[in-house]
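This report refers to the structure that appears directly beneath it.
The values are calculated or read from the model by the stated rules, or taken from the named source; none is laboratory data. Keep in mind the model is a prediction, meaning the values are calculated, not measured. With ideal geometry, Cβ positions are generated from the backbone for all residues, glycine too; neighbour counts draw on all protein chains shown.
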Amino acid sequence: MLRPILRQALVLAACALGLALPAPALAQRYAGPLFDAHLHYNEEAWMSEHPLDDALGRLKRAGVRAIVANSRPNDGTKSLAAAREQAAAAGLTVVPFVRLYRNRADYGSWFNDETIYEMVLRELAAGTAAGPYRGLGEFHLYDSANANGPVARKLMQLAQARDLAVLAHVDDDAIDKLMAHAPQARLIWAHTGIAGVPVERVRALLLKYPRLVGELSYRPGLTGAGGGLSDEWKALLSAHSERFVIGSDTWINARWAGYESLMADARRWLADLPEAAARRIAWDNGAGLFGLAPP
Ligand SMILES: [Zn+2]
């Protein structure tokens, strides 16, 4: 242990040093409401570390005012939708989507599986306590050729016919294939190309499909050192700020545990955009897709 007088001298020296150093530049942060357009409340979350109160508390503390909820199985979304009083107290709107997966095995076969299509029809008919389902997905295609699977085609056509949005984790080739099935569908491209599809290809797809929207979780190259936007993404998001949304992708419990810092990261890079563009990507575009009132 240090003698008291020596400790006091060290404290004084530290204070003097602190005063002498310039204050570190505080990064700007977008401070408005957030619409999380890619949220899962899977059974491993609600069955263990993140029961409903915990999950809703994290959303509230992060300033998230609406979520696209899609969960494996759909019970997680239904429990969020049924928690109407708690959601209202948290100022949260739940936009439910039908997940295509009953279990992990369904990830690799849903596009050929008629029982998935039947399950989707049953879920749509039943709806949720927060109202009808507003979309389908998230679904995954690890091989874009499976975008031509019979159930993938039928689900895209169903979404178009019923004006449901679709949240799809796919590559750029699959975007073309899915849109060929249903050119008027509202497709939300989860991660906007998680394998790092070049920005110019993203731009071309946005121009080709006016109803395509890019969701930005896990997007490689979006941010650089310090958490700010990269130059090419700053240019793309500034030019097409009406075409992007943010998401958390809480696919594992670690994403729930880090939820507030994920949203803080988004607030950091959003602040690199003009204020109106940041607000569109953070809130307005998601709210507009589903007709939500301002928070
Ligand atoms: Zn996801």
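Quick notes on this one:
- Output for the stretch 109-165, where each listed residue is within 30 Å of LEU92 (Cβ to Cβ) and of a type in the set (Gly, Ala, Ser): ALA125, ALA126, GLY127, ALA129, ALA130, GLY131, GLY135, GLY137, ALA159, ALA161, ALA165
- When LEU222, LEU207, LEU212, LEU236 are checked against the criterion of being in contact with a Ser or Thr (Cβ under 7 Å, 6 or more places away or on another chain), modelled with pLDDT of 95 or more and aliphatic (A, V, I, L, M), a single residue qualifies: LEU222.
- Selection status of ASP172, over 20 Å from the mean Cα position of the chain (by Cα) and at pLDDT 95 or above: no
Per-residue answers, yes or no, for (1) touching a residue at least 40 places away in the same chain (Cβ under 8 Å); (2) of a type in the set (D, E, K, R):
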site	(1), (2)
MET47	no, no
ALA62	yes, no
VAL68	yes, no
PRO73	no, no
GLY108	no, no
THR115	no, no
ARG122	no, yes
ALA129	yes, no
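- Cβ separations smaller than 8 Å between residues 6+ apart or across chains give the following pairs from the stretch 247-272 residues that are of a type in the set (Asp, Glu) to residues that are within 15 Å of the ligand (Cβ to nearest atom): ASP249/HIS38; ASP249/LEU39; ASP249/HIS40; ASP249/ALA190; ASP249/HIS191; ASP249/SER217; ASP249/TYR218; ASP249/ARG255.
- Subset of the stretch 130-165 [closer than 18 Å to ALA81 by Cα and either at pLDDT below 95 or out of contact with any Leu (no Cβ under 7 Å at 6 or more places or on another chain) (or both)]: ALA130, GLY131, PRO132
- Test: residue in the stretch 203-217 that is within 19 Å of the chain's Cα centre (by Cα) and farther than 18 Å from LEU187 by Cβ: no
- Only listed residue being in contact with a strand residue (DSSP E or B) (Cβ under 6 Å, 6 or more places away or on another chain) and touching a residue at least 24 places away in the same chain (Cβ under 8 Å), chosen from LEU222, LEU236, LEU216, LEU206: LEU216
- Those residues of the stretch 269-282 which are surrounded by fewer than 20 Cβ atoms within 10 Å (Cβ to Cβ) and part of a helix (DSSP H, G or I), in sequence order: GLU275, ALA276, ARG279
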